[in-house]
Every structure is written in C-alpha cells, then in structure tokens.
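Notes follow the structure.
Coordinate-derived values only; no laboratory data. Computed from a prediction, not measured in an experiment: that's the story for all the values here. FYI the Cβ positions are ideal-geometry reconstructions off the backbone, even for glycines, and counts take in every protein chain you see.
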Amino acid sequence: MKHLSIKKIALYGFGAVFTTFIIAIVVTIFYFNEIEMLEKESNFYEKSYNSLFEFKYYTERLLTTENLKAEMLLWSNSKGNFDKYFKAIEDNKEINYEDFVTFWHVIDDESKKIEIKLQNNLFDKSNTHERSLLRRLGEGLNTNKSSDYYLALSDLKNSIDYIKQYEEFLLDELKLIQSQKLSHIFGQINKAKEAGAIFISIFILLSFSILYYVVNLISKVEEKLINSLKELKISNDEKELLNSEILENYEKTLFALVKILEERDTYTGGHSQRVAKYSVMIAQEMGYEKNELEKIYQAGMLHDIGKMNIPDSILLKPGKLDDIEYALIKSHAENGYVFLKQIPMYLELANIIHFHHEHYDGKGYPSGKQGTQIDIFSYILSVADAFDAMTTSRIYKGRKNIEEALIEIEKFSGTQFHPDVVIATIKVLKNVTIDANISQLPINILEMERFSYFYKDKVSGIFNEEYLDFMLTKKCHEQKSAYLNIFFMSNFNQYNTKHGWSEGSKLLAAFAQYLKNAFKDSIVFRVHGDDFIVLHDEETPIEESFYMNLEMMQGTLVNIHHNSIHTADKNICSFKELERLL
C-alpha cells in the first residue's frame, strides 16, 4: 500500500468500482431476461391449459347443445387452438412428455372419427333445431333402439365420452407439467437469490446501490409471479364453478323429468319427495354422514324415473292391474337403471335404484339378489317406498295409519326387508306426519275426466259398471249417501236378434243420451249390457211417464222397468252389494 500513490489508489478504486458496476449491470440484464423468459414460459403453459380446458368445455357442450352443427364448428376450432400449443410442448424435451403426447394422439384420432360421424345425414334437420343429445337418447327409450338414428346418436355419444375421459387424463398431465415448470422457475429464482447474496457480501461497499436495485427488481418479478399464480388459482376456481354448474344442470334436468312424471296424477304426485325424505331419515338414524345422505336423497328422488316409458293406460290405471300390466310396471326398476347408467356421474345411483324392489330373502325383482348382494341403500329405499305406499289411500284399499304400517314392516323383517333398516325405520317414522289428503281419488275436473277415461262404455258413451263401483266406494269413503234410479230393459235380446247388434247399439246409445239430457247434474251408467243406473246426490223420484211410451221404443217390443234405491238405507258400498240386493 505504501508504494501506491493516491492517484493509483484512486485509479484502482475507480477501476474496481467500475468493474463491479459493469458486472452488476451484466448480471442484472441477464437475470432480467431470464426472469422474463421464465414468465413467458409460465404464461405459455397457463394459456395451453386454458386452451385444453376450452376444448373439453366444447366437448361437453356437444352432449347438450340444441344446434349440433354450429357447436361442431366451435368444438373443431377449440381443438385446433390447442393443437398449436401441443406441437410447441411436444418439441420441448426438457421434461418427459410421453404420457401427454400419447393421450393427445388418442384424442386426435378419436376426434377425427367424431368429425366423420357428425357428417352423418341423420343429424341434418332442416325444419327444427337440433335437440340435446342426452334428451334424444332419453327419448330413445320410447323408440326403436335398433333404428339408424338411435344407433348413430349412441355411437356419437360413446366417442364423445371416450374423448372426455382422455381429456381428464390430459388435463391432469398438463397440470403436472405446469407444476414441474413452475417448480423449475422458482428453483432458478432461488439460485439467483443465493448468487446475489454472495455478490453483495463481496462488493457491498462498492456496489450497494446496484445490488439494491437488483434485489428490488427480483422482488418485483417475484411479486408478479405470485400474482400470476393467484390469478391462475382464481381461474381454476372459476373452472371448478363451471363444472359444478354443469353437474347441477344434469341434476335439475332429471328432477324435472321426475316432476313431470309425477304430475300426471294426484296419487303419484309427491311420492318421490316423500320416499327421499323417509330414506334420509332412516339413513341418518343408521349413522350415515352428510355426503351419504345426499346420495340416498338423490336415489329417492329418482327411484321411479324408469316409469317414464310405462304407458299411461297402465301407469294411471286406478284399479287393480292384471298379470301382464303388473309385469310392465315391475320393469321400471330395470328401465331406470338402464337410463341412469348412461350418465357416468349417476352410475352409483343407477345401481341403488336397480335393486330397490329386491327382497332380503331373494324373492324380489328384477334379479332375485339377496342379503349382502344388495347395497344397503337399496334396502332403505325399499322400506321407505313400502311405507309411503301403505300410508296413502287407494281406490280399492284404504290407507293404513302409521302404527299399522310399521307393524306390517316389522312383520316382514328378515324376509322382504333388511332387519337393521327395519329397526331404524320403526324408530324414526313412528312420529312422522302423514298428509291424510293424499289419495288415488281425483281432485279436479281434469283428473276426473282422465280418471273416468278407463271407465267409459264404448257403445253408449256413458260410464260402465266399474266406474259405478268406484263411485259407490267413494261415497262410502266420504260417508255420503246416493240415490239410484235403475232402468231395466226387457226383450232387448229379441230386438238384437231381429235387427242386428248395430241397431241394438244405436238403441242403447239413444236411451243413454235420453238419460244424460234428462239428468245433467247426475251420472249415468250402463250395466249388464241393457240396464241403466242414474246416480244422484239427492233423492230424485221418477214418474212412470218418464220412461213409458218413449218414441224411440215404439215398435221395438222393448219394455222399460224402473226401480229406485237409497244407498244409505241399504248400506251399499260396492256394485256387488247392489247386485245382490237387486
């Protein structure tokens, strides 16, 4: 030091400071460029992820769109957008992309097949908008499943579901790649910080201001990256919300189908809601958690969805079913399973619903499974369904009270019903409130007309004896009396033989119309072929002149005889009781 002049010291010091400054400038520029490149790379993977998610979104829409051709163009464009990112990612060899590349090539190959399938002329409808694929497949349950149109739709849906599966795999793989790249970025940042710390310790006296600037720059870049990650999280949250909305729309659609099904008549209306409610109460008593309770509630709501392709003539029939009709009704468990299993998110519910009419001893339907072969939730649905059926009124069978219904359920514990489910049922349903107004009887004019459709006489246009039996039963349930005017035709068989059945039918129809015109506020029935009964709410005496010497009977040799009965006097509650009296 003593041989150094002030000038040399100044020159050496200045040179050291200047060299340090230059080095700091070079390091800063290099670091800034490196960070900028890393940020661009991070943005590239975020955009590639968003592009792939957009392609998945438009793939989902192919299942629900009302305009399949227009949606196809959007879907194809979104695939093309991601294909550009894919090629750039494929060329980057820093990370192993073998699964990622394989998944995309599978999707690419299947997409080309879908594009060919979408050219099928069966999807062209010039007069109507394309309806949702899911809805069309649902309606396919009521149509010919071997038709070209149905097969084309099913084939298209299978390909779309196949792509959706691989899109999920690809999204997971891309998220993993993105995570690895971000880890790499943060690793580079950490290394830069360590180098900066060493740099500061050596040249702190000469380059404090420059190093401060570098550290400050690093902090800003780091903050920018953190903000980018926050924005990415918000974006992911929005995508999760979109997925939730899609699932919710599926559920709302199916619940709407159930509501439409149940609104066809008063008796079934509300049945699914009650079964769902009872099922949740039973499952909660058995110790199941919230997510399981939600599952049993959904199964209860959808357990009768298979009835949507049961003919109204059977489903709405108010009387007893014959063997063939009952067999068709029993098919609703299988129908519901077949329908719901087509939707992956409802496969578990489909299995529960499939077996809700199986018995614990194996004597139920559709497959005769028993014991532990059946999901416990199917057994819960079975008891809840039976309880609601027993505690609601039907035409030929009055409803049981709660105590009677629970005794009946306990009676079949271990045979029809699961013993553990029976124990929980008795405990939680003994104090439940039952709406006594729920009945199979019609409650308005529309339901009465639809209800009486099953009881119209084809020849005369009036009601038949089965409807008379229903009305007599109804009067007894309501503890109301009725007044009956009965008209017997004699010698009608001779008239039929002489003039033929066609003329005989005309005579019957003419007399029926005569009675309808005369008693507009009463109900007219044809019984035993050539007899007629008029049911009045109040006593209505008939003069002999009303039915004797009618113009329509002149020259026919057919005679009319009359009788009247007050049901309260004879305690008549059915047509059989009336027959015995007559």
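Per the Kirkwood definition applied to all pairs of different Cα atoms, how many angstroms is the hydrodynamic radius of the stretch 266-429?
One decimal place: 16.0 Å for the Kirkwood radius.
Given the pairs K56/K84; K56/K290; K87/K112; K40/K87; K320/K363, which are separated by over 25 angstrom at their Cα positions?
Violating the 25 Å Cα-Cα cut-off are K56/K290.
Taking just the alpha carbons, could you work out the radius of gyration and Dmax for the stretch 456-581, both in angstroms?
Gyration radius and largest Cα-Cα distance of the stretch 456-581: 14.6, 46 Å.
Over the stretch 456-581, what is the relative contact order in whole percent, taking alpha-carbon pairs under 8 Å and six or more residues apart?
Computed over the stretch 456-581, the figure is 41 percent.
May I ask you to derive the FRET efficiency for I314 and Q284 from their Cβ-Cβ distance with R0 = 35 Å, giving the value to the nearest 0.05?
After rounding, the FRET efficiency stands at 0.50.
Given Cα pairs under 8 Å that are at least 6 residues apart, what percent is the relative contact order of the stretch 266-429?
23 percent
Please compare each pair in K164/K191; K47/K113; K295/K430; K230/K295; K69/K277; K157/K307 to a cut-off of 32 Å on the Cα-Cα distance and tell me which ones are over it.
K164/K191; K230/K295; K69/K277
With the cut-off at 18 Å, report for the stretch 359-426 the share of all Cα pairs above it, as a whole percent.
That fraction is 35 percent.
Mind checking the full-extension length gain between N431 and I234? Use 0.36 nm per residue of separation minus the Cα-Cα distance, one decimal, nm.
Working it through step by step, the gained length comes to 66.1 nm.
Taking amide H atoms as placed 1.01 Å from N in the peptide plane, list the residues 5 or more away in sequence, or in a different chain, whose amide H sits under 5 Å from that of S564.
Amide H neighbours of S564: I486.
Could you tell me the number of lysine pairs in the stretch 473-541 with C-alpha atoms less than 28 Å from each other, where the two lysines are 8 or more residues apart or belong to different chains?
Count of close lysine pairs: 10.
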